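Report on the structure given below.
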Amino acid sequence: MTVPDLPADGGFLLRPWRLTDLPAVAEAAADPYIPLITSVPAVYSDAEGAAFVRRQWARAADGVGYSFAIARDGRAVGQIELWPGPHGRASVGYWVAGSARGQGVACAALRAVASWAFGELRIARLEAHVEPWNAASWKAAEKAGFAREGLLRKWKEVGGERRDMYVYARVAG
Ligand SMILES: CC(C)(COP(=O)(O)OP(=O)(O)OC[C@H]1O[C@@H](n2cnc3c(N)ncnc32)[C@H](O)[C@@H]1OP(=O)(O)O)[C@@H](O)C(=O)NCCC(=O)NCCS
C-alpha cells in the first residue's frame, strides 16, 4: 500500500507522516482520550513520537492500512486512518490536536478519505465507530455524509472497560 497525498477542503492536505510532525504527536499524547484509542504514546518523548511515525509507515508497508497526517501549511494537526476489510468494506479512525479543533478539520479529512476510498479503492461501505458521548466525533461524521445505523453494545475495550459504540456508515454512490 502507498499512502497518497489527498487535498481536502479548507486548505488541508492528507499526506504520509513525517518525522517533522512530532509536535502534533506530542499534543495528541497530552489528550486524555487519544492515547486510549490509538497507538499515540500516553507519555510523550521524541523517541516515542518517532516510533509512532514509524508505526504509521509500517501500516502501509505491511498492507494493514493507510495512515494519513492531516496537515495545513506544512504542519500536521491530526490523523486519519483507513483500514480496508473484506467484502469491499473499510473503517476509519481519526483525531485532531486540541489546538486545531472546531475548525472542520475532521469533517474535511473524512470527506477527502471517503471520496478517495469510493473512487480509487472501490470501497463500497465505509464505517466509523463512535462512543455516544463523543458528539464532536459523530457530528463531524454526520456532516461528512455518514449516517448512524445503530448502537453496538460493548463493542470494544477502551481504557480498560468495554464501551458501547454507535456504528456510522457512508456507502458508495
Ligand atoms: C472528534 C474530533 C476528531 C473532532 O475534530 P474537529 O476537527 O474538531 O471536528 P469538526 O470541527 O469537523 O466538527 C466537530 C463538530 O462537533 C461540534 N462539537 C465540538 N465539540 C463538541 C462537544 N463537546 N459537544 C457537542 N458538539 C461538539 C462542533 O461544533 C462541530 O460541529 P459544527 O460544525 O456543527 O459546529 C476531535 O474532537 C478529537 O480529536 N477528539 C479526540 C479523539 C476522538 O474522539 N477521535 C474520534 C474517535 S471516534
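Among the residues here, Ala24 does not qualify as within 12 Å of the ligand (Cβ to nearest atom), at pLDDT 95 or above and closer than 21 Å to His129 by Cβ.
Here Arg162 meets the list (1) surrounded by 13 or more Cβ atoms within 10 Å (Cβ to Cβ); (2) more than 8 Å from the ligand (Cβ to nearest atom); (3) in a strand (DSSP E or B) almost entirely, failing just condition (1).
Sort out which residues of region 43-73 are polar (S, T, N, Q) and more than 25 Å from Ser91 (Cβ to Cβ), and write them in order of number. The answer is Ser45, and nothing else.
Name the residue that is farthest from Pro16 (Cα to Cα), counting only residues in region 89-141 that are more than 12 Å from the ligand (Cβ to nearest atom) and among the aromatic types (Phe, Trp, Tyr). Per the criteria, the residue is Phe118.
Scanning region 28-35 for residues that are under 23 Å from His129 (Cα atoms), within 16 Å of the ligand (Cβ to nearest atom) and out of contact with any helix residue (DSSP H, G or I) (no Cβ under 9 Å at 6 or more places or on another chain) turns up at least one hit. Under the condition of being closer than 23 Å to Gly65 by Cβ and free of Cβ contacts under 8 Å to residues at least 40 places away in the same chain, the residues counted in region 148-168 number 8. Do we find that Trp138 is in contact (Cβ under 8 Å) with a residue 60 or more places away in the chain and either in a helix (DSSP H, G or I) or closer than 20 Å to Ala30 by Cβ (or both) in this structure? So Trp138 does not fit the description; no. Exactly one residue among Val77, Val3, Val53 is under 17 Å from the mean Cα position of the chain (by Cα), under 30 Å from Gly119 (Cα atoms) and part of a loop (DSSP other than H, G, I, E, B), and that residue is Val3.
The values are calculated or read from the model by the stated rules, or taken from the named source; none is laboratory data. From a predicted model like this one, the values you see are computed outputs, not experimental measurements. Glycine gets a Cβ as well: all are built from the backbone with ideal geometry, and neighbour counts include every protein chain shown.
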